[in-house]
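The structure that follows is given in the form of structure tokens.
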Amino acid sequence: MMQALIHGALLAFGLILPLGAQNVFVFNQGATQTHFRQALPVILTASLCDTLLITLAVLGVSVLILTVSWLQIVLFSIGILFLLYMGWSIWQAETGPAERHAEQMSTKQQISFAASVSLLNPHAILDTIGVIGTSSIQYQGMEKWAFSLACISVSWLWFFGLGLCGRWVGQLDASGRALGFINKISALIIWGVAAYMILHLANSNW
């Protein structure tokens, strides 16, 4: 069982570490909110969405996405449009002390954005299915659940840590200049993910 726990933790950390749209959004909200508790809707939503994807992958339910070509096309298309919109929203956001308070997302907006960037990110879904789902096949019974729990725990710890790191940066940046720079970099990363997805969609033989 210990092997399954270590395997799950290392695998999940390797998958979640790269800087992608989901990580950027969680960090960004941690930095822009005036109190850490105001970033909790994003952190909890991202964590719950990852928990859902990991559970579905381990149970084998989400393998449907890998076998239905038109479903992949629809998922990629929606994901691309959403990422383009999200990048534009972050690029346009004002980051001065007064503007930062005015630009804060409502709880409903935070949840919908976090859920969208988690569940409409085809590469995150395909990584979860293709890597975590496939890796879990070698385990049975309690070992499979230990593997799943390790993956889920890493996800939760990562998003809380990312939100706290963002909050720390936001507290240090009283003028909002550094956050403005971070927003621009975040938007470029998100647009880069969207561009990569467009190329993937164009070159796929579906």
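Take the solvent-accessible surface of the protein heavy atoms, probe 1.4 Å, and return the percent of it on segment 1-90 that carbon and sulfur atoms account for. Mind showing how you got there, number by number?
Values: 3290 of 4210 Å².
That fraction is 78 percent.
Net charge near residue 137, counting Lys/Arg +1 and Asp/Glu -1 over other residues with Cβ under 13 Å of its Cβ? If you can, show how the numbers build up before the last one.
Values: positive: 144; negative: 143.
Once all neighbours under 13 Å are counted, the net charge is 0.
Something else now. In the chain, which helices (entire DSSP H runs) extend 15 Å or more along their own long axis, judged by Cα positions, while averaging at least 1.0 on the Kyte-Doolittle scale?
Helices meeting the span and hydropathy rule in the chain are 2-16, 40-59, 69-92, 177-203.
To continue, here is another question. For the chain, what is the charge dipole size about the Cα centre, in debye to the nearest 20, if Lys and Arg each add +1 at the Cβ and Asp and Glu each add -1 at the Cβ? Mind showing how you got there, number by number?
On the way: 7 positive and 7 negative charges, 32 e Å.
So the magnitude is around 160 debye.
If the viscosity is 1.002 mPa s and the temperature 20 °C, what Stokes-Einstein diffusion coefficient in µm²/s follows for the chain when Rh is the Kirkwood radius over Cα pairs?
For these conditions, the coefficient is 122 µm²/s.
Here's a follow-up. In nm, give the distance between the simple-model label positions of residue 51 and residue 2, each being 7 Å from the Cα along the Cα-to-Cβ direction.
Distance between label points: 2.8 nm.
Charges on Cβ only, +1 for Lys and Arg, -1 for Asp and Glu, centred on the Cα centroid of the chain; of 91, 16, 150, which one is farthest towards the dipole's positive end?
91
Between residue 77 and residue 165, take the C-beta separation as r, use R0 = 35 Å, and let me know the FRET efficiency to the nearest 0.05.
Given R0 = 35 Å and the Cβ-Cβ separation, E is 0.60.
Next question. Send over a whole-number figure in Å² for the accessible area per residue of the chain, probe 1.4 Å.
Computed with neighbouring chains in place, this is 51 Å² per residue.
Moving on. Label residue 137 and residue 108 with points 7 Å out from Cα along Cα→Cβ: what is the distance between them in nm?
Roughly 4.4 nm, to one decimal.
When the accessible area of segment 123-206 is split by element with a 1.4 Å probe, what percent falls to carbon and sulfur?
Heavy-atom surface of segment 123-206 belonging to carbon and sulfur, 1.4 Å probe: 69 percent.
The values are calculated or read from the model by the stated rules, or taken from the named source; none is laboratory data. From a predicted model like this one, the values you see are computed outputs, not experimental measurements. All Cβ positions, even for glycine, are placed from backbone atoms using ideal geometry, and neighbour counts span all protein chains on display. What goes into the accessible areas is simple: the full protein's heavy atoms, side chains included, and nothing from ligands, DNA or RNA. Shrake-Rupley method; radii C 1.70, N 1.55, O 1.52, S 1.80 Å.
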